[in-house]
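Only one structure is covered here, and it is reproduced in the block below.
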Amino acid sequence: MNAPTRRQGRRQETGRGGGPLGLLAPVFHRQLDRLDHGIAEGSLELLLPNGRARLLGGRAEGPAAVVDLRSWRALLRLALSGSIGWYEAWAAGEWASPDPVQLFALFSRNRAGLAQPARATGPWRLAKRLWHWLRRNHRGGSRRNIQFHYDLGNDFYRPWLDAGMTYSSALFTTPRSTLDQAQHAKLEAMLDRTATAPGDAILEIGCGWGSFVELAVKAGRRVHGITLSTEQRAWAEARTAGLEGASFALTDYRDVSGYYDAVVSIEMAEAVGRQYWPAYLATIARALKPGGRAALQVIIFDDALFEGYASNVDFIQRYIFPGGLLIRTSEFRRLAATNGMDWRDEAHFGLDYAETLKRWRENFDAAASAGLLPAQFDARFVALWRYYLKYCEGGFRGGGIDVVQVTLVKEG
């Protein structure tokens with residue numbers, strides 16, 4: 001979408017009041033000046049609380065976002081708490097947008113220029129870092145954090161995921177691919193990366209609801225899947241009942257034993273946390289036979305901006321995935337090498353994840369409208385998840401985050 005340019009001018013004042021915080025309007029305009037300076041591509045058209053309109057960016061093509069800023073308090077929350085505060089302002093009705101995906105894509109596209117203005121500061125940052133530290137992924141913490149997200153219940157996820165219950169990026173080989181077809185293509189690609197043959201043994205770390213295990217077992221492999229989610233294990237066992245070669249256990253990855261021809265891990269590494277990356281990759285290396293292959297699918301963050309991201313706490317970590325952290329490719333690659341594994345065939349497909357999220361959101365909205373989501377999830381919770389799906393979609397469309405498949409080969 002093309003951005004409007006500054007030559008298109010500004011809206012006229014509508015007479016809307018700014019409230020008590022309007023007295024601080026000059027301060028908020030300076031904050032907007034900093035945001036304006038950080039937008040190199042795309043634009044943000046704002047309707048301000050005082051009724052005036054203001055255009056930020058508009059210097060080059062890119063995502064074109066529109067925001068009705070209903071209260072200056074939203075900017076205060078953004079300044080103090082970053083993306084967490086921006087979500088809380090949205091939940092409080094302090095801003096709205098006809099298409100938040102474009103807004104999040106704009107933030108993502110201009111991540112270098114907007115990184116500092118969009119992160120928590122001062123004591124709020126320290127408080128959120130402490131909260132995040134308390135949710136770190138030691139053994140007890142990992143189980144609690146996984147249950148926080150995945151044990152929302154199979155009846156919650158079933159109405160909006162694909163028929164195979166695959167909760168990770170699909171791989172759209174054609175624009176006309178259905179979500180089911182694209183998820184199947186992704187699982188096939190991961191199996192191909194293992195270079196295994198019928199009869200070989202595969203370990204899946206973070207097996208989800210068992211879609212990969214089912215596909216690989218039907219292709220003649222023996223697969224052991226581990227998870228910390230009781231809900232996922234029950235579903236996975238039920239779907240593979242009667243299939244020879246499938247097994248599942250509630251096991252922390254650090255407790256893995258035995259040797260396998262291959263290891264598969266699909267978007268599980270993001271739940272590990274940086275402190276435990278060495279243990280995660282050491283586990284993979286330990287489980288692989290010499291010459292064995294590990295097929296990983298991971299969500300990565302812009303390497304150049306990673307330290308700033310890792311030293312803060314964002315909306316996803318606070319409300320959706322406690323204890324989580326996206327992957328830094330350079331650091332993961334170095335740790336793989338330290339454990340005797342060669343990093344090969346890295347393939348990026350971030351826009352496929354954006355499309356996956358779009359399909360999930362459409363399914364989620366339809367399920368919510370039809371009353372198919374479990375009754376215990378109230379309107380606020382449903383709105384939170386709708387925001388989360390849009391937030392992630394915008395992140396992938398803007399390029400600030402990406403998803404990759406990679407093969408690690410253990411030295412013979």
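The values are calculated or read from the model by the stated rules, or taken from the named source; none is laboratory data. Being a predicted model, the structure only gives us computed values, none of them experimental. Quick reminder, even Gly has a Cβ in these numbers, built from the backbone with ideal geometry, and neighbours come from all protein chains shown. Surface areas here come from the heavy atoms of the whole protein model, side chains and all, with no ligands, DNA or RNA. Shrake-Rupley method; radii C 1.70, N 1.55, O 1.52, S 1.80 Å.
Kindly list, by first and then second residue, each pair from a residue in segment 169-186 that is open to solvent by less than 60 Å² (accessible area, probe 1.4 Å) to a residue that is among the hydroxyl-bearing types (Ser, Thr, Tyr), limited to pairs with Cβ atoms under 6 Å and residues at least 6 apart or on different chains.
These pairs meet every condition: Ser169/Tyr353; Ser169/Thr356; Ala170/Thr356; Gln183/Thr166; Ala185/Thr173.
Looking only at segment 240-257, how many residues end up being in contact (Cβ under 8 Å) with a residue 40 or more places away in the chain and open to solvent by 40 Å² or more (accessible area, probe 1.4 Å)? I'd like the intermediate steps shown before the answer.
Applying the first criterion (in contact (Cβ under 8 Å) with a residue 40 or more places away in the chain) to segment 240-257 yields 248, 252-254, 256.
Narrowing the set further to residues that are open to solvent by 40 Å² or more (accessible area, probe 1.4 Å) leaves 254.
Number of matching residues: 1.
Within segment 333-377, how many residues are free of Cβ contacts under 8 Å to residues at least 24 places away in the same chain and under 25 Å from Gly400 (Cα atoms)?
3
Checking Glu411 against (1) under 24 Å from Ile327 (Cα atoms); (2) buried (at least 18 other Cβ atoms within 10 Å of the Cβ), which test does it fail?
(2)
Being assigned to a loop (DSSP other than H, G, I, E, B), surrounded by 18 or more Cβ atoms within 10 Å (Cβ to Cβ) and in contact (Cβ under 8 Å) with a residue 40 or more places away in the chain: is that true of Trp235 here?
Details: assigned to a loop (DSSP other than H, G, I, E, B): no; surrounded by 18 or more Cβ atoms within 10 Å (Cβ to Cβ): yes; in contact (Cβ under 8 Å) with a residue 40 or more places away in the chain: yes.
Judged against the criteria, Trp235 is not a match.
Could you list, in sequence order, all residues of segment 186-233 that are at pLDDT below 95 and of a type in the set (A, V, I, L, M)?
Answer for segment 186-233, where residues must be at pLDDT below 95 and of a type in the set (A, V, I, L, M): just Leu228.
With the structure loaded, tell me whether Val101 is β-branched (Val, Ile, Thr) and not in a helix (DSSP H, G or I) or whether it fails that test. Quick ask: steps written out before the conclusion?
On the way: β-branched (Val, Ile, Thr): yes; not in a helix (DSSP H, G or I): no.
No; evaluated as a whole, the condition is false for this residue.
Taking the condition of being among the small types (Gly, Ala, Ser) and on the phi > 0 side of the Ramachandran plot, how many residues in segment 159-217 meet it?
Of all residues in segment 159-217, those among the small types (Gly, Ala, Ser) come to 163-164, 168-170, 177, 182, 185, 189, 195, 197, 199, 201, 206, 208, 210-211, 216.
Still in the running and on the phi > 0 side of the Ramachandran plot: 195, 199, 206, 208, 210.
Here the count works out to 5.
Of all the helices (runs of 4 or more DSSP H) wholly in segment 291-404, which have at least 1 residues that are over 21 Å from Trp90 (Cβ atoms)?
Working: elements: 306-310, 315-319, 329-338, 350-369, 379-398.
Once the helices (runs of 4 or more DSSP H) in segment 291-404 are filtered for at least 1 residues that are over 21 Å from Trp90 (Cβ atoms), what remains is 306-310, 329-338, 350-369.
For segment 275-292, does any single residue satisfy the condition of being of a type outside the set (Ser, Thr, Tyr), under 26 Å from Leu171 (Cα atoms) and open to solvent by 10 Å² or more (accessible area, probe 1.4 Å)?
No, the conditions are met nowhere in segment 275-292.
Would you mind stating whether Leu325 is surrounded by 21 or more Cβ atoms within 10 Å (Cβ to Cβ) and within 29 Å of Ala197 (Cα to Cα)?
On the way: surrounded by 21 or more Cβ atoms within 10 Å (Cβ to Cβ): yes; within 29 Å of Ala197 (Cα to Cα): no.
Criteria not met by Leu325.
Can you tell which of Asp378, Asp345 is in contact with a helix residue (DSSP H, G or I) (Cβ under 9 Å, 6 or more places away or on another chain) and not β-branched (Val, Ile, Thr)? Break it down into steps so the answer makes sense when it comes.
Working: Asp378 fails: in contact with a helix residue (DSSP H, G or I) (Cβ under 9 Å, 6 or more places away or on another chain).
After ruling out the rest, the residue left standing is Asp345.
For segment 44-70, how many residues meet the condition of being outside any loop (DSSP other than H, G, I, E, B) and either touching an Asp or Glu at 6+ places or on another chain (Cβ under 9 Å) or among the basic types (Lys, Arg) (or both)? Outline the logic, then answer.
Our first condition is that a residue be outside any loop (DSSP other than H, G, I, E, B); within segment 44-70, this holds for 44-47, 53-57, 64-69.
Okay, now just the ones that are also either touching an Asp or Glu at 6+ places or on another chain (Cβ under 9 Å) or among the basic types (Lys, Arg) (or both), so 44, 46-47, 53-57, 64-67, 69.
Result for segment 44-70: 13.
So which residues in segment 27-79 are in contact (Cβ under 8 Å) with a residue 40 or more places away in the chain, of a type in the set (Asp, Glu) and surrounded by fewer than 19 Cβ atoms within 10 Å (Cβ to Cβ), if there are any at all? If you could, list the steps in order and put the result at the bottom.
Applying the first criterion (in contact (Cβ under 8 Å) with a residue 40 or more places away in the chain) to segment 27-79 yields 28, 31-32, 34-35, 37-45, 52-55, 57-65, 71-73, 75-76, 78-79.
Now narrow it down to the ones that are of a type in the set (Asp, Glu): 41, 45, 61.
The answer is Glu41, Glu61.
Look at Pro198 and say whether it is under 17 Å from Tyr353 (Cβ atoms), open to solvent by 10 Å² or more (accessible area, probe 1.4 Å) and not β-branched (Val, Ile, Thr). Lay out the reasoning, then the answer.
Working: under 17 Å from Tyr353 (Cβ atoms): no; open to solvent by 10 Å² or more (accessible area, probe 1.4 Å): yes; not β-branched (Val, Ile, Thr): yes.
Taking the combined requirement at face value, the residue does not satisfy it.
Could you please give the count of residues in segment 380-412 that are modelled with pLDDT under 95, among the hydrophobic types (A, V, I, L, M, F, W, C) and over 18 Å from the mean Cα position of the chain (by Cα)?
Selection size over segment 380-412: 0.
Being aliphatic (A, V, I, L, M), in contact (Cβ under 8 Å) with a residue 24 or more places away in the chain and open to solvent by 40 Å² or more (accessible area, probe 1.4 Å), is that true of even one residue in segment 385-397? Walk me through it before giving the result.
Residues of segment 385-397 that are aliphatic (A, V, I, L, M), as a first pass: 389.
Next, only the ones that are in contact (Cβ under 8 Å) with a residue 24 or more places away in the chain stay: 389.
Imposing the further condition that a residue be open to solvent by 40 Å² or more (accessible area, probe 1.4 Å) reduces the set to none.
No: segment 385-397 contains no residue that is aliphatic (A, V, I, L, M), in contact (Cβ under 8 Å) with a residue 24 or more places away in the chain and open to solvent by 40 Å² or more (accessible area, probe 1.4 Å).
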